[in-house]
Amino acid sequence: MNTISKRNIIPKTGKNRILLEEYEFGMPGSQLEQIHRAWETGSDLEQIAFVQRRPAMEIVVALLNLADRQKLKRPVAALLRR
């Protein structure tokens, strides 16, 4: 959504794209809590994705959501370390 605009409908011009539309970002609260605990105890992205049986991108979004709500102690920047 363009945060400057009050509209939240994407115009159908053929040039706009829905980002990450192939992923499912809704999840049970219990799964989000498991992701939260795993992250805070030092698991890496790939480990969490494997255990949760979700694509890594869905885990990234879950962690960003937790970070946005100021629930994480471990920095999300740790995702960038390889």
* Identify, please: which residue in the range 48-68 is over 11 Å from the mean Cα position of the chain (by Cα) and either of a type in the set (A, V, I, L, M, F, W, C) or modelled with pLDDT under 95 (or both) and is, among those, surrounded by the most Cβ atoms within 10 Å (Cβ to Cβ)? -> ILE48
* With respect to LEU79, is the statement that it is modelled with pLDDT of 95 or more, assigned to a helix (DSSP H, G or I) and surrounded by 11 or more Cβ atoms within 10 Å (Cβ to Cβ) true? -> no
* **the range 25-47: number of residues that are surrounded by fewer than 10 Cβ atoms within 10 Å (Cβ to Cβ) and either farther than 14 Å from VAL76 by Cα or touching a residue at least 60 places away in the same chain (Cβ under 8 Å) (or both)** => 4
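The values are calculated or read from the model by the stated rules, or taken from the named source; none is laboratory data. As the structure is a prediction and not an experimental result, all values here were calculated from the model. All Cβ positions, even for glycine, are placed from backbone atoms using ideal geometry, and neighbour counts span all protein chains on display.
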